[in-house]
Amino acid sequence: MSELAFTNATIVLADEVISGSVLVRDGAIAAIDTGNVGHGEDLGGEYLIPGLVELHTDHFENHYRPRQGVTWNALAALQAHDAQVAGAGITTVFDAVRIGSDPETGDITEDVNLMVEAVAHADADDRLRADHHIHLRCELATPDVVDHFEANAANPIVGLASLMDHTPGARQYVTLELYIDYFQKKMRFSDAEMAAYIAERNADRERYADANRARILARGRELGLAFASHDDVTVAHVEEAVRDGMTIAEFPTTMEAARACHAAGLAVLMGGPNIVRGKSHNGNISAVELARAGVLDVISSDYVPFAMLYAAFLLPERADNITLPQSVAMVTKRPAAAANLADRGEIAVGKRADLVRVRRRPGDVPVVRGVWRQGQRVS
(Lines give C-alpha, C1' and ligand atoms only; values in the text may rest on other atoms or scores of the structure.)
Protein backbone atom coordinates (compact mmCIF):
# COMPACT_ATOMS: atom_id res chain seq x y z
CA MET A 1 0.00 0.00 0.00
CA SER A 2 1.30 3.46 -0.93
CA GLU A 3 0.17 6.71 0.67
CA LEU A 4 0.65 10.38 -0.13
CA ALA A 5 -0.72 13.37 1.78
CA PHE A 6 -1.14 17.07 1.04
CA THR A 7 -1.78 19.51 3.85
CA ASN A 8 -2.36 23.26 4.28
CA ALA A 9 -3.87 23.33 0.77
CA THR A 10 -6.54 25.48 -0.86
CA ILE A 11 -8.54 22.65 -2.40
CA VAL A 12 -10.81 23.30 -5.39
CA LEU A 13 -13.65 20.81 -5.17
CA ALA A 14 -16.46 20.39 -7.69
CA ASP A 15 -18.67 23.04 -6.08
CA GLU A 16 -16.58 24.86 -3.45
CA VAL A 17 -13.10 25.86 -2.34
CA ILE A 18 -11.93 24.65 1.07
CA SER A 19 -8.74 24.79 3.14
CA GLY A 20 -7.49 21.46 4.36
CA SER A 21 -5.78 18.23 3.42
CA VAL A 22 -6.06 15.37 0.94
CA LEU A 23 -4.95 11.78 1.51
CA VAL A 24 -4.03 9.59 -1.45
CA ARG A 25 -3.83 5.81 -1.13
CA ASP A 26 -2.80 3.44 -3.91
CA GLY A 27 -3.32 6.05 -6.61
CA ALA A 28 -6.82 7.13 -5.55
CA ILE A 29 -8.15 9.85 -3.29
CA ALA A 30 -8.85 8.26 0.08
CA ALA A 31 -9.88 11.23 2.25
CA ILE A 32 -10.51 14.99 2.16
CA ASP A 33 -10.49 16.93 5.41
CA THR A 34 -10.99 20.58 6.31
CA GLY A 35 -8.27 20.35 8.94
CA ASN A 36 -4.54 19.99 8.39
CA VAL A 37 -2.52 16.87 9.11
CA GLY A 38 0.88 16.70 10.72
CA HIS A 39 2.51 14.87 7.82
CA GLY A 40 2.64 15.07 4.04
CA GLU A 41 3.52 17.84 1.64
CA ASP A 42 2.74 21.28 3.06
CA LEU A 43 1.32 23.37 0.22
CA GLY A 44 1.59 26.61 2.17
CA GLY A 45 -1.95 27.61 1.19
CA GLU A 46 -1.41 27.07 -2.52
CA TYR A 47 -4.14 25.57 -4.71
CA LEU A 48 -4.69 21.87 -5.21
CA ILE A 49 -6.88 21.17 -8.24
CA PRO A 50 -7.72 18.04 -10.25
CA GLY A 51 -5.49 17.07 -13.16
CA LEU A 52 -6.64 18.75 -16.35
CA VAL A 53 -8.45 16.73 -19.03
CA GLU A 54 -7.69 17.93 -22.56
CA LEU A 55 -10.03 16.89 -25.39
CA HIS A 56 -8.62 18.85 -28.33
CA THR A 57 -5.00 19.81 -28.85
CA ASP A 58 -3.06 20.12 -32.09
CA HIS A 59 0.18 20.29 -30.11
CA PHE A 60 1.44 16.78 -30.95
CA GLU A 61 0.99 17.55 -34.64
CA ASN A 62 2.90 20.81 -34.16
CA HIS A 63 5.86 18.88 -32.69
CA TYR A 64 5.63 16.29 -35.47
CA ARG A 65 5.66 19.04 -38.11
CA PRO A 66 7.82 21.74 -36.47
CA ARG A 67 8.46 23.55 -39.77
CA GLN A 68 6.82 23.60 -43.17
CA GLY A 69 8.07 20.58 -45.09
CA VAL A 70 9.71 19.06 -41.99
CA THR A 71 8.49 15.99 -40.10
CA TRP A 72 10.11 14.86 -36.87
CA ASN A 73 10.50 11.38 -35.42
CA ALA A 74 6.95 10.68 -34.20
CA LEU A 75 7.99 9.12 -30.89
CA ALA A 76 10.40 11.94 -30.10
CA ALA A 77 7.74 14.49 -31.04
CA LEU A 78 5.23 12.78 -28.75
CA GLN A 79 7.63 12.74 -25.80
CA ALA A 80 8.37 16.45 -26.22
CA HIS A 81 4.65 17.17 -26.40
CA ASP A 82 3.99 14.96 -23.37
CA ALA A 83 6.56 16.79 -21.23
CA GLN A 84 4.94 20.11 -22.06
CA VAL A 85 1.34 19.06 -21.42
CA ALA A 86 2.23 17.42 -18.11
CA GLY A 87 4.14 20.53 -17.10
CA ALA A 88 0.99 22.53 -17.82
CA GLY A 89 -1.06 20.39 -15.41
CA ILE A 90 -2.70 18.18 -18.06
CA THR A 91 -2.87 14.59 -16.83
CA THR A 92 -5.27 13.22 -19.48
CA VAL A 93 -4.93 14.31 -23.10
CA PHE A 94 -6.68 13.42 -26.34
CA ASP A 95 -4.03 14.06 -28.99
CA ALA A 96 -5.69 15.37 -32.13
CA VAL A 97 -4.57 13.59 -35.29
CA ARG A 98 -6.03 15.01 -38.48
CA ILE A 99 -7.14 12.36 -41.00
CA GLY A 100 -8.06 12.93 -44.64
CA SER A 101 -5.65 14.13 -47.33
CA ASP A 102 -6.34 17.22 -49.42
CA PRO A 103 -4.35 19.40 -51.85
CA GLU A 104 -2.94 21.46 -48.96
CA THR A 105 -1.52 18.50 -47.03
CA GLY A 106 -0.75 15.97 -49.75
CA ASP A 107 -1.07 12.29 -48.86
CA ILE A 108 -0.89 12.07 -45.04
CA THR A 109 -1.53 8.32 -44.72
CA GLU A 110 1.99 7.56 -43.48
CA ASP A 111 1.92 10.50 -41.06
CA VAL A 112 -1.38 9.35 -39.53
CA ASN A 113 -0.11 5.80 -39.06
CA LEU A 114 3.17 6.95 -37.51
CA MET A 115 1.47 9.28 -35.04
CA VAL A 116 -1.13 6.77 -33.87
CA GLU A 117 1.50 4.04 -33.59
CA ALA A 118 3.75 6.37 -31.58
CA VAL A 119 1.05 6.95 -28.97
CA ALA A 120 0.23 3.25 -28.72
CA HIS A 121 3.91 2.28 -28.41
CA ALA A 122 4.78 5.00 -25.91
CA ASP A 123 1.79 4.10 -23.75
CA ALA A 124 2.68 0.39 -23.75
CA ASP A 125 6.37 1.18 -23.05
CA ASP A 126 5.59 3.46 -20.06
CA ARG A 127 7.24 6.49 -21.69
CA LEU A 128 4.57 9.08 -20.92
CA ARG A 129 3.81 11.37 -18.00
CA ALA A 130 0.17 12.04 -18.97
CA ASP A 131 -2.53 9.53 -19.92
CA HIS A 132 -2.73 9.82 -23.73
CA HIS A 133 -5.63 8.98 -26.03
CA ILE A 134 -6.24 9.75 -29.71
CA HIS A 135 -8.81 12.19 -31.09
CA LEU A 136 -9.34 11.58 -34.81
CA ARG A 137 -10.12 14.88 -36.55
CA CYS A 138 -11.99 13.71 -39.64
CA GLU A 139 -11.78 16.07 -42.62
CA LEU A 140 -14.89 14.94 -44.44
CA ALA A 141 -14.31 16.51 -47.87
CA THR A 142 -11.34 14.25 -48.69
CA PRO A 143 -11.05 11.03 -50.67
CA ASP A 144 -9.24 8.91 -48.07
CA VAL A 145 -10.65 9.97 -44.68
CA VAL A 146 -12.75 6.79 -44.38
CA ASP A 147 -9.69 4.65 -45.14
CA HIS A 148 -7.73 6.46 -42.42
CA PHE A 149 -10.63 6.07 -40.01
CA GLU A 150 -11.06 2.36 -40.69
CA ALA A 151 -7.32 1.77 -40.24
CA ASN A 152 -7.17 3.45 -36.83
CA ALA A 153 -10.56 3.80 -35.14
CA ALA A 154 -10.55 0.33 -33.55
CA ASN A 155 -7.25 1.01 -31.77
CA PRO A 156 -8.00 1.04 -28.01
CA ILE A 157 -6.23 4.39 -27.59
CA VAL A 158 -8.76 6.10 -29.91
CA GLY A 159 -11.65 7.52 -27.87
CA LEU A 160 -12.97 10.56 -29.71
CA ALA A 161 -13.65 11.67 -33.27
CA SER A 162 -14.70 15.06 -34.61
CA LEU A 163 -16.35 15.70 -37.98
CA MET A 164 -14.93 18.71 -39.79
CA ASP A 165 -15.45 20.67 -43.00
CA HIS A 166 -12.85 23.34 -43.70
CA THR A 167 -13.82 23.91 -47.32
CA PRO A 168 -14.40 27.45 -48.69
CA GLY A 169 -17.26 29.36 -47.09
CA ALA A 170 -18.17 26.52 -44.74
CA ARG A 171 -18.32 26.65 -40.96
CA GLN A 172 -15.04 28.11 -39.60
CA TYR A 173 -14.66 30.17 -42.77
CA VAL A 174 -18.28 31.23 -42.87
CA THR A 175 -17.60 33.81 -45.59
CA LEU A 176 -15.55 33.25 -48.71
CA GLU A 177 -13.63 36.46 -48.01
CA LEU A 178 -12.27 35.09 -44.72
CA TYR A 179 -11.25 31.87 -46.43
CA ILE A 180 -9.44 33.69 -49.24
CA ASP A 181 -7.74 36.08 -46.84
CA TYR A 182 -6.29 33.17 -44.87
CA PHE A 183 -5.44 30.63 -47.57
CA GLN A 184 -4.18 32.91 -50.32
CA LYS A 185 -1.47 34.23 -48.02
CA LYS A 186 -0.68 30.82 -46.58
CA MET A 187 -0.47 29.02 -49.94
CA ARG A 188 0.99 32.02 -51.83
CA PHE A 189 -1.58 31.65 -54.59
CA SER A 190 -2.25 34.08 -57.41
CA ASP A 191 -5.88 35.12 -57.85
CA ALA A 192 -6.29 32.54 -60.61
CA GLU A 193 -4.71 29.79 -58.53
CA MET A 194 -6.93 30.69 -55.59
CA ALA A 195 -10.05 30.50 -57.73
CA ALA A 196 -9.02 27.09 -59.07
CA TYR A 197 -8.27 25.84 -55.54
CA ILE A 198 -11.69 26.97 -54.29
CA ALA A 199 -13.44 25.23 -57.16
CA GLU A 200 -11.51 22.02 -56.48
CA ARG A 201 -12.28 22.04 -52.75
CA ASN A 202 -15.97 22.75 -53.31
CA ALA A 203 -16.13 19.87 -55.77
CA ASP A 204 -14.52 17.62 -53.15
CA ARG A 205 -17.17 18.63 -50.64
CA GLU A 206 -19.96 17.72 -53.05
CA ARG A 207 -18.27 14.46 -53.96
CA TYR A 208 -17.22 13.15 -50.56
CA ALA A 209 -18.53 14.92 -47.45
CA ASP A 210 -22.02 13.45 -46.94
CA ALA A 211 -21.06 9.87 -47.79
CA ASN A 212 -17.94 10.02 -45.63
CA ARG A 213 -19.93 11.41 -42.69
CA ALA A 214 -22.42 8.56 -42.84
CA ARG A 215 -19.74 5.85 -43.05
CA ILE A 216 -17.63 7.27 -40.22
CA LEU A 217 -20.63 7.68 -37.94
CA ALA A 218 -21.80 4.12 -38.59
CA ARG A 219 -18.39 2.62 -37.84
CA GLY A 220 -17.77 4.88 -34.86
CA ARG A 221 -21.07 3.90 -33.27
CA GLU A 222 -20.13 0.23 -33.62
CA LEU A 223 -16.91 0.99 -31.72
CA GLY A 224 -18.55 3.15 -29.06
CA LEU A 225 -16.57 6.29 -29.86
CA ALA A 226 -17.62 9.71 -28.60
CA PHE A 227 -18.28 12.19 -31.44
CA ALA A 228 -17.89 15.95 -31.65
CA SER A 229 -19.29 18.43 -34.12
CA HIS A 230 -16.92 21.17 -35.26
CA ASP A 231 -17.36 24.87 -36.01
CA ASP A 232 -21.16 24.90 -35.88
CA VAL A 233 -22.50 28.19 -37.27
CA THR A 234 -26.27 27.77 -37.61
CA VAL A 235 -29.14 26.03 -35.83
CA ALA A 236 -29.28 23.68 -38.83
CA HIS A 237 -25.72 22.58 -38.08
CA VAL A 238 -26.73 21.89 -34.48
CA GLU A 239 -29.80 19.94 -35.53
CA GLU A 240 -27.55 17.80 -37.73
CA ALA A 241 -25.19 17.21 -34.78
CA VAL A 242 -28.06 16.18 -32.50
CA ARG A 243 -29.48 13.89 -35.17
CA ASP A 244 -26.10 12.18 -35.51
CA GLY A 245 -25.57 11.66 -31.78
CA MET A 246 -22.81 14.17 -31.11
CA THR A 247 -22.02 14.80 -27.43
CA ILE A 248 -19.49 17.62 -27.84
CA ALA A 249 -19.65 20.84 -29.88
CA GLU A 250 -16.16 22.09 -30.67
CA PHE A 251 -15.73 25.80 -31.29
CA PRO A 252 -19.21 26.97 -32.32
CA THR A 253 -18.62 30.19 -34.21
CA THR A 254 -21.79 32.11 -33.29
CA MET A 255 -23.83 32.74 -30.15
CA GLU A 256 -26.87 31.29 -31.91
CA ALA A 257 -25.12 27.98 -32.49
CA ALA A 258 -23.59 27.86 -29.00
CA ARG A 259 -26.97 28.45 -27.34
CA ALA A 260 -28.59 25.76 -29.46
CA CYS A 261 -25.77 23.28 -28.72
CA HIS A 262 -25.96 23.91 -24.98
CA ALA A 263 -29.75 23.65 -24.95
CA ALA A 264 -29.54 20.34 -26.80
CA GLY A 265 -27.16 18.90 -24.20
CA LEU A 266 -23.95 19.05 -26.25
CA ALA A 267 -20.90 20.08 -24.23
CA VAL A 268 -19.81 23.40 -25.76
CA LEU A 269 -16.01 23.42 -26.07
CA MET A 270 -13.92 26.53 -26.70
CA GLY A 271 -10.20 27.22 -26.69
CA GLY A 272 -8.28 28.55 -23.73
CA PRO A 273 -6.29 30.94 -25.97
CA ASN A 274 -9.63 32.61 -26.87
CA ILE A 275 -10.20 33.34 -23.15
CA VAL A 276 -6.63 34.46 -22.46
CA ARG A 277 -6.52 36.73 -25.52
CA GLY A 278 -10.10 37.91 -25.04
CA LYS A 279 -11.06 37.04 -28.60
CA SER A 280 -10.95 34.39 -31.30
CA HIS A 281 -7.88 34.31 -33.53
CA ASN A 282 -10.11 34.25 -36.64
CA GLY A 283 -12.85 36.68 -35.68
CA ASN A 284 -15.45 34.23 -34.37
CA ILE A 285 -17.36 34.44 -31.08
CA SER A 286 -15.54 35.21 -27.82
CA ALA A 287 -15.42 32.34 -25.32
CA VAL A 288 -15.84 34.84 -22.47
CA GLU A 289 -19.12 35.99 -24.06
CA LEU A 290 -20.29 32.37 -24.10
CA ALA A 291 -19.34 31.99 -20.43
CA ARG A 292 -21.26 35.15 -19.50
CA ALA A 293 -24.26 33.74 -21.38
CA GLY A 294 -24.01 30.48 -19.42
CA VAL A 295 -23.35 28.30 -22.46
CA LEU A 296 -19.65 27.42 -22.09
CA ASP A 297 -18.99 23.89 -20.78
CA VAL A 298 -15.44 22.82 -21.66
CA ILE A 299 -12.15 24.65 -22.19
CA SER A 300 -9.39 23.04 -24.26
CA SER A 301 -5.82 24.20 -24.80
CA ASP A 302 -6.31 24.09 -28.60
CA TYR A 303 -2.80 25.15 -29.64
CA VAL A 304 -1.14 26.34 -26.35
CA PRO A 305 -1.03 23.67 -23.59
CA PHE A 306 -0.70 26.17 -20.72
CA ALA A 307 -3.79 28.04 -21.92
CA MET A 308 -6.14 25.60 -20.15
CA LEU A 309 -4.84 26.32 -16.66
CA TYR A 310 -4.38 30.03 -17.33
CA ALA A 311 -7.93 30.34 -18.68
CA ALA A 312 -9.43 28.46 -15.73
CA PHE A 313 -8.01 30.98 -13.26
CA LEU A 314 -8.62 33.98 -15.51
CA LEU A 315 -12.24 33.28 -16.46
CA PRO A 316 -13.85 34.13 -13.07
CA GLU A 317 -12.19 37.55 -13.29
CA ARG A 318 -13.66 38.18 -16.74
CA ALA A 319 -17.10 36.64 -16.27
CA ASP A 320 -18.58 37.52 -12.88
CA ASN A 321 -21.20 34.75 -13.12
CA ILE A 322 -18.45 32.09 -13.14
CA THR A 323 -16.86 30.85 -9.89
CA LEU A 324 -13.43 29.24 -9.64
CA PRO A 325 -14.90 25.75 -9.03
CA GLN A 326 -17.05 26.21 -12.14
CA SER A 327 -14.14 27.29 -14.33
CA VAL A 328 -11.88 24.53 -12.99
CA ALA A 329 -14.66 22.03 -13.76
CA MET A 330 -14.51 23.22 -17.39
CA VAL A 331 -10.94 21.87 -17.65
CA THR A 332 -11.43 18.80 -15.43
CA LYS A 333 -14.81 17.32 -14.50
CA ARG A 334 -16.79 18.39 -17.57
CA PRO A 335 -14.33 17.22 -20.25
CA ALA A 336 -13.88 13.94 -18.34
CA ALA A 337 -17.64 13.40 -18.39
CA ALA A 338 -17.87 14.32 -22.08
CA ALA A 339 -15.23 11.68 -22.86
CA ASN A 340 -16.95 9.07 -20.66
CA LEU A 341 -14.07 9.01 -18.15
CA ALA A 342 -15.98 8.66 -14.88
CA ASP A 343 -12.93 7.83 -12.76
CA ARG A 344 -11.29 11.30 -12.86
CA GLY A 345 -11.88 15.03 -13.17
CA GLU A 346 -12.55 16.06 -9.58
CA ILE A 347 -11.07 15.86 -6.11
CA ALA A 348 -13.47 13.38 -4.54
CA VAL A 349 -13.03 10.19 -2.53
CA GLY A 350 -12.54 7.22 -4.84
CA LYS A 351 -11.46 9.24 -7.88
CA ARG A 352 -8.02 8.92 -9.44
CA ALA A 353 -5.40 10.99 -7.67
CA ASP A 354 -4.64 13.16 -10.71
CA LEU A 355 -3.68 16.39 -8.98
CA VAL A 356 -2.00 19.72 -9.70
CA ARG A 357 -0.40 22.11 -7.22
CA VAL A 358 -0.78 25.71 -8.40
CA ARG A 359 0.51 29.01 -7.07
CA ARG A 360 -1.62 31.88 -8.25
CA ARG A 361 -1.74 35.41 -6.91
CA PRO A 362 -4.70 37.63 -7.92
CA GLY A 363 -4.19 39.02 -11.41
CA ASP A 364 -1.00 37.02 -11.94
CA VAL A 365 -0.07 34.18 -14.30
CA PRO A 366 -0.45 30.86 -12.42
CA VAL A 367 2.59 28.67 -11.73
CA VAL A 368 2.41 24.87 -11.83
CA ARG A 369 4.34 23.66 -8.76
CA GLY A 370 3.71 19.93 -9.03
CA VAL A 371 1.69 17.38 -11.01
CA TRP A 372 0.65 13.88 -9.91
CA ARG A 373 -0.98 11.17 -12.01
CA GLN A 374 -2.61 8.41 -9.98
CA GLY A 375 -0.56 9.54 -7.01
CA GLN A 376 2.78 9.40 -8.86
CA ARG A 377 4.62 12.65 -9.45
CA VAL A 378 5.07 13.31 -13.16
CA SER A 379 6.12 16.96 -13.19
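The values are calculated or read from the model by the stated rules, or taken from the named source; none is laboratory data. Small disclaimer: the values here were computed from a predicted structure and weren't measured. Positions of Cβ are generated from backbone atoms using ideal geometry, with glycine treated the same way; all protein chains shown enter the neighbour counts. Only protein heavy atoms, including side chains, enter the accessible area calculation; ligands, DNA and RNA are left aside. Shrake-Rupley method; radii C 1.70, N 1.55, O 1.52, S 1.80 Å.
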Subject >> Residues satisfying the stated conditions in the range 282-323, i.e. in contact with a Gly (Cβ under 8 Å, 6 or more places away or on another chain) and charged (D, E, K, R) >> reply: Asp302, Glu317, Arg318
**OP:** Within the range 333-356, count every residue that is in contact with an Asp or Glu (Cβ under 6 Å, 6 or more places away or on another chain) and either outside any loop (DSSP other than H, G, I, E, B) or free of Cβ contacts under 8 Å to residues at least 12 places away in the same chain (or both).
**Re:** 3
Subject >> Every residue from the range 259-290 that is over 18 Å from Leu315 (Cα atoms) and modelled with pLDDT of 95 or more >> reply: Arg259, Ala260, Cys261, His262, Ala263, Ala264, Gly265, Leu266
Original post:
Between a first residue in the range 85-104 that is within 28 Å of Asp354 (Cα to Cα) and at pLDDT 95 or above and a second residue that is outside any helix (DSSP H, G or I) and aromatic (Phe, Trp, Tyr), which pairs have beta carbons less than 7 Å apart while being 6 or more apart in sequence or on different chains?
Top reply: Ala88/Phe306
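For the condition open to solvent by less than 20 Å² (accessible area, probe 1.4 Å), of a type outside the set (A, V, I, L, M) and assigned to a helix (DSSP H, G or I), what is the one hit in His135, His81? Write out each step before concluding.
Numbers: His135 fails: assigned to a helix (DSSP H, G or I).
Just a single option satisfies the conditions, and that option is His81.
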Subject >> Answer residue from the range 225-239, given it is at pLDDT below 95 and in a loop (DSSP other than H, G, I, E, B) and is farthest from Asn284 (Cα to Cα) among those >> reply: Thr234
Subject >> Filter result for the condition that a residue is in a loop (DSSP other than H, G, I, E, B), at pLDDT below 95, touching a helix residue (DSSP H, G or I) at 6+ places or on another chain (Cβ under 9 Å) and not polar (S, T, N, Q), over Ala141, Ala154 >> reply: Ala141
Original post:
Does Gly363 count as in a loop (DSSP other than H, G, I, E, B) and modelled with pLDDT of 95 or more?
Top reply: no
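Do we find that Ala293 is crowded, with 20+ Cβ neighbours inside 10 Å, out of contact with any His (no Cβ under 6 Å at 6 or more places or on another chain) and not charged (D, E, K, R) in this structure?
No: the conditions fail for Ala293.
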**OP:** Residue by residue through the range 240-269, note down the ones that are assigned to a loop (DSSP other than H, G, I, E, B) and over 27 Å from Ala307 (Cα atoms).
**Re:** Asp244, Gly245, Ala264
Subject >> Pick from the range 108-122, criterion over 28 Å from Ala249 (Cα atoms) and not aliphatic (A, V, I, L, M), ranking: least open to solvent (accessible area, probe 1.4 Å) >> reply: His121
Subject >> Breaking point among (1) modelled with pLDDT under 90; (2) part of a helix (DSSP H, G or I), for Tyr208 >> reply: (1)
